[in-house]
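Shown next, in structure tokens, is the structure this report addresses.
The values are calculated or read from the model by the stated rules, or taken from the named source; none is laboratory data. Keep in mind the model is a prediction, meaning the values are calculated, not measured. When we count neighbours, we look across all protein chains shown, and the Cβ atoms used for this are built from the backbone with ideal geometry, even at glycine.
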Amino acid sequence: MSQIKIVNLQKSFGDFTAVKNSNLTINDKEFFVLLGPSGCGKTTTLRMIAGLELPTSGEIYLGDEEVGMLRASERDIAFVFQLFALYPHMNVRNNLSFPLKMQGYKKSDIKNRVEEAAKLLRIDHILNSNISSLSGGDRQRVALGRALVRRPKAFLMDEPLGTLDAEFRELMCLELKKLHLDIGATTVYVTHDQLEAMSLADRIAVMDGGEILQADEPNIIYNKPKTKFVASFIGSPGMNFFEVNEGISKDQSFVNIEGAKFDIPKQLEESKGSKNFFGIRPENLTLNNNEGLKGSVFGVEYLGSRKIITVKTSLGEIKVKTDISINVKLNENVQVKPLNNNIIIFDGQTDKSLNSEFIK
Amino acid sequence: MDTSRSYLEPSSFSKKMAAAIIIVYAVITLIPISWMVMTSFKNVDSAISYPPEVLFEPSLEGYVNLFTNRSRQSQEYLDSLPPPENWYEELVRSREMVITGPSKFLGRYSNSMIIGFGSTFASVFLGALAAYAFSRFRVPLKDDLLFFILSTRMFPPIAVAVPIFIMYRKLGLGDTHLGMIILYTVVNLSLAVWLLKGFMDEIPKEYEEAAMIDGYSRLQAFFKVVLPQAMTGIAATAIFCMIFSWNEYAFAVLLTQFNAQTAPPFIPTIIGEGGLDWPAIGAGTTLFLLPVMIFTIILRKHLLRGITFGAVRK
């Protein structure tokens, strides 16, 4: 097992730059998730680590070795594909032993290792089955098993749960997490599903437009997003933003939005321009009848224990996540106000969050 | 209303109709072939009798005549010979002839085998490699090259017979196995590349990527992962190539005479006494039919397996 480090990594396909000047360090035994919308460069980054794409520039370190230009077969990493890519002309056992055969292990060693991995993944009863007869979950386990038998330096997974149905995905998520705890392998996992990322990751890197915007622990990504994109992409629903048509200066602790005054955490940094954004998570807002921004209820979604209420105001639609006990009707007039001071100001020019007492 | 079946499923009446039409069609197509097989088991007289005999006494005369050279002898000479050693000598003697040696048929037949299978193997092998490259790599001028390859099919091969005849004479490839294998491979290659490219395109590239991550080189991945999955396409391509090179007549007549002559130009030259030896020709064509038939039946399993293969891939 080893650390993975990428330095100034860049990948272009003709005129299109898929990955821009990225730097990352993935610690030994870490479960690291690359998260972003489709086309953000997360899969390309993973494929470069795997050796399936060669970087245009930059370096990739696996342990202490620079592997950027090595072939995939020389890197000693395992890759789990979204469509599993199990060899359909071989049965489960042969799929699992395929990588070991290349490395010249003795037949008895191969057998032992395959059976050990199969037991760990609870697929030992289907070792002689054909791939085509397996369920989605079993295929998933076989794909993991094929990665596992080699005991590689790192596991790379490209949306491995993407093709499973929702119920099964949750189960496999738990199994993956448990598997990671059991074998403690460095894992890089690509997904566009933030819930999957949040539940699996030790750390998450959020990517957009080929850039790594923030790499941190899930709770920091959620609570202290470094850019407006991260704030809106993470969370369901994402953060609410209001335009602030004034420059933010150091030590400022309130802003005016449409004539109303809002408290903000004491700012430690000034903004570059005079157009900025006030960001607040839906659960940090509350509804009442006498204070705050006026609006009317536009939609109500029930999420079991919580409720998301969309309020139409002069600032646009605002999502409020409230307790289930709050009862409002459609088109009812309500007022929205912050519940606490967990507010982030984003610089309108750079889209980056400004440091404050809340987010340092 | 009958609701026991899906609306989209054909009714049992239309299924029976379809079966009946197919049976009639099969019988019509099989008549010439069965007549040929029957002729091969007739004797020289009943083969040309009029009205034609549908029921006849089977004889192996055709096969004996096919495999032997014979000469007619006087009754005195035949009487002076020791008694015949085996059944076919006896058969020949009853026609007042003696066997003077084996005929050329076996040699021509094995030429057909060598050239047919050799060129089929070469076409499929080279075609698979080229198809894989066209399917996976960024080849400069890919579309133009593919069109160029296809364009060799746009004229009948025999249109280039004269230039090839002259080239082959200069190169010393005329009347050689190698020459014929190269020629048939060239003709079949365009078909092989195009057919196999279609099949390779259907195979997700993740399979090779998985194999390469598992420690295999691209070539090893090609042989161990891509080729087995392209089996359907390979079987279909092999059948087409085999049928062409097995049946090819015009080039074989033109370019081969002794050493590498194949069965198609040889069979019509089997001439008996006082006319064509129809039972021998029937025997030759019947035997000629067998290899392609067996080859197709063997590969048919792959064709059928391939159909269900793709359906459950994802």
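Here are some notes:
- Checked against the criteria, B:Met167 does not count as part of a loop (DSSP other than H, G, I, E, B), away from chain A (no Cβ under 14 Å) and surrounded by fewer than 18 Cβ atoms within 10 Å (Cβ to Cβ).
- Criterion (out of contact with any Asp or Glu (no Cβ under 9 Å at 6 or more places or on another chain), part of a helix (DSSP H, G or I) and under 22 Å from B:Cys241 (Cα atoms)) met by exactly one of B:Leu129, B:Leu106: B:Leu129
- Checking each residue of region B:220-231 against the condition of being touching a helix residue (DSSP H, G or I) at 6+ places or on another chain (Cβ under 9 Å), surrounded by fewer than 18 Cβ atoms within 10 Å (Cβ to Cβ) and more than 10 Å from chain A (Cβ to nearest Cβ) gives no match.
- The conditions of being of a type in the set (A, V, I, L, M), within 22 Å of A:Phe32 (Cα to Cα) and surrounded by 15 or more Cβ atoms within 10 Å (Cβ to Cβ) are met by A:Ile212.
- Residue in region A:252-262 that is in contact with an Asp or Glu (Cβ under 7 Å, 6 or more places away or on another chain), in contact (Cβ under 8 Å) with a residue 24 or more places away in the chain and not assigned by TED's automatic domain parsing to the domain that holds A:Asp208 present: yes
- Within region A:117-137, if we keep just the residues that are over 13 Å from A:Val149 (Cβ atoms) and in a loop (DSSP other than H, G, I, E, B), the residue that is nearest to the other protein chains (Cβ to nearest Cβ) turns out to be A:Leu134.
- Criterion: within 27 Å of A:Ile26 (Cβ to Cβ), modelled with pLDDT of 90 or more and not basic (Lys, Arg) - qualifying residue of A:Ala78, A:Ala185, A:Ala85: A:Ala78
- Restricting A:Gly39, A:Gly51, A:Gly58 to those that are on the phi > 0 side of the Ramachandran plot and within 11 Å of another protein chain (Cβ to nearest Cβ) reduces the list to A:Gly51.
- Among the residues examined, B:Ile213 qualifies as at the interface with another protein chain (Cβ under 9 Å from one of its Cβ atoms), surrounded by 21 or more Cβ atoms within 10 Å (Cβ to Cβ) and aliphatic (A, V, I, L, M).
- A:Pro152 being more than 13 Å from chain B (Cβ to nearest Cβ), surrounded by 15 or more Cβ atoms within 10 Å (Cβ to Cβ) and under 22 Å from A:Ile26 (Cα atoms): no
- Taken over region A:1-52, the criterion of being aromatic (Phe, Trp, Tyr) and under 22 Å from A:Phe233 (Cβ atoms) is satisfied by A:Phe16, A:Phe31, A:Phe32.
- Count of region A:248-268 residues which are under 20 Å from A:Glu357 (Cα atoms) and surrounded by fewer than 17 Cβ atoms within 10 Å (Cβ to Cβ): 10
- For region B:75-102, the candidate set comprises residues that are surrounded by fewer than 10 Cβ atoms within 10 Å (Cβ to Cβ) and not in a helix (DSSP H, G or I); within that set, the residue that is farthest from the chain's Cα centre (by Cα) is B:Pro82.
- Screening region A:69-104 for residues that are touching a residue at least 40 places away in the same chain (Cβ under 8 Å), more than 20 Å from A:Ile126 (Cα to Cα) and surrounded by fewer than 19 Cβ atoms within 10 Å (Cβ to Cβ) and picking the one that is nearest to the other protein chains (Cβ to nearest Cβ) gives A:Gln103.
- Taking region A:1-103 and the strands (runs of 3 or more DSSP E) fully enclosed by it, the elements with 2 or more residues that are in contact with a helix residue (DSSP H, G or I) (Cβ under 9 Å, 6 or more places away or on another chain) and more than 25 Å from A:Phe229 (Cα to Cα) are at A:57-62, A:77-80.
- Filter pass, A:Lys107 being more than 9 Å from chain B (Cβ to nearest Cβ), modelled with pLDDT of 90 or more and loosely packed, with under 15 Cβ neighbours inside 10 Å: yes
- Set B:Phe240, B:Phe244, B:Phe165: member being within 28 Å of A:Tyr87 (Cα to Cα) and in the same structural domain as B:Ile115 (by TED's automatic domain parsing): B:Phe240
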